[in-house]
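Inspection log for the structure reproduced underneath, given as structure tokens.
FYI, it's all coordinate maths here, none of it is from the lab. Treat the numbers as computed from the prediction; the structure is a model and nothing was measured. Please note: Cβ atoms are built from the backbone with ideal geometry, for glycine as well, and neighbour counts cover all protein chains shown.
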Amino acid sequence: MPLAAMTSYLFGSTATFAPQAGEKMPVLTMNHGPGGGAGVSNMLGSFLKTLPRAPTGVVVVEAHAFGAAGRGVAFAGSDAALCDAVAALLPDAVRGSVRGHGLSDCLRAFRGVPVVAVSLRGTEDPAAHLAMGEALAPLRAQGVVVVGSGVPSIHNFSVLFGPPRRPNIDAAFAFDDWLVESLGAADKVARLRRWDAAPGARVCHRAGESEHFFPTLVVAGAAGGDAGVACFPESHAAIIGMPADRILYPSRHFVFGG
């Protein structure tokens, strides 16, 4: 299917993006889970109810589109005005294919609101992704919500789906403690530049396979001075598809400025 037809099919038609100056919108980095079910879209529905005003648009940073434009950024969306606004802030951005189940959940939850999806850069350079978020930050004052679609806490399948081992569980909770503290800290950007040196970081996100952590870096960059706070903890059992008392490893969403 041609790219234009695929974009129209995925994103559908919405109201046209019209920026409205006002209170800055919160930003969210979420656990998009394995896909399927209504857990993520229900959580996003709860998030929508907390917004200070009706969103004029949504920018979704999708982990599954890591490297879709090499070291540049690919973007996709059917709303030309919001696409243009994103492209103006990310000068090396190009139209491309950006897909992922977190994006699909956002399209359901924010039905009728213009949505643009952006890829991650094809590099595990924290500074590049923090800067990407900083570049997108002005959209918040125009009514746009930035959502990171990935898995902040742990996305190492050999750990998650292998035999449970106490050292791995302890390492995952050590990283979770660091993440909760760091995203809420005034110097969060400095900490995130060296996130891979945090306790348990490489148990949770392996080198060369860390793309599901990187939407959190983009969102933290967009957050500016706003602190990150864990949110909607009750949603993870439905997202993961497992009773809460059987989940061995931490799972988090974080909202900044909410």
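Going by the alpha-carbon gyration tensor, a ≥ b ≥ c the square roots of its eigenvalues, is segment 8-97 rounded (a/c under 1.5) or, if a/c is not under 1.5, prolate (a/b greater than b/c) versus oblate?
Verdict is oblate for segment 8-97.
Within a 10 angstrom radius of the beta carbon, how do 245, 176 rank from fewest other beta carbons to most? Before the final figure, lay out each step's value.
Working: 245 6, 176 21.
Neighbour counts put them in this order, fewest first: 245, 176.
For every other residue with a beta carbon closer than 12 angstrom to the beta carbon of residue 114, add +1 if it is Lys or Arg and -1 if Asp or Glu, then tell me the sum. Please list the in-between numbers first.
On the way: positive: 111; negative: 79, 84.
Around residue 114, the surrounding residues sum to -1.
At 24 angstrom or more along the helix axis (alpha-carbon based) and mean Kyte-Doolittle of 0.0 or higher, what helices does the chain contain? Whole DSSP H runs only.
Working: long enough: 166-183 (25 Å, 0.11).
In the chain, the long hydrophobic H runs are 166-183.
Counted over the chain, the DSSP beta bridges are approximately 30% antiparallel. Only helices enter the 222 nm calculation for the chain: every DSSP H run of n ≥ 4 contributes -39,500 (n - 2.57), and dividing by all residues gives -10500 deg cm²/dmol, rounded to 500.
The candidate values are (i) 24.8; (ii) 18.7; (iii) 18.1; the one derived from this structure for Kirkwood radius over Cα pairs in Å carries the label (iii). With springs only between Cα atoms under 10 Å, which of 223, 128, 54 fluctuates most in a Gaussian network model of the chain? In the Gaussian network model the winner is 54. Here each label is just a point 7 Å from Cα along the line to Cβ, and for residue 94 and residue 234 those points are 4.7 nm apart. In percent, rounded to a whole number, the relative contact order of the chain is 30, using alpha-carbon pairs under 8 Å and six or more apart. Each Lys or Arg adds one and each Asp or Glu subtracts one; over the other residues with Cβ under 14 Å from the Cβ of residue 199, this totals -2.
Once a ≥ b ≥ c are taken as the square roots of the eigenvalues of the Cα gyration tensor of segment 22-75, is the result rounded (a/c under 1.5), prolate (a/b larger than b/c) or oblate (a/b not larger than b/c)? Show your work: numbers first, answer last.
Values: a/c = 3.09, a/b = 1.30, b/c = 2.39.
Cα axes put segment 22-75 in the oblate bin.
So, in Å, what gap is there between the alpha-carbon centers of segment 185-258 and segment 38-68? Taking the Cα centre of segment 38-68 as reference, the centre of segment 185-258 is 15 Å away. May I ask for the net charge around residue 67, where only other residues with Cβ less than 13 Å from the Cβ of residue 67 are counted and Lys, Arg are +1 while Asp, Glu are -1? The answer is -3.
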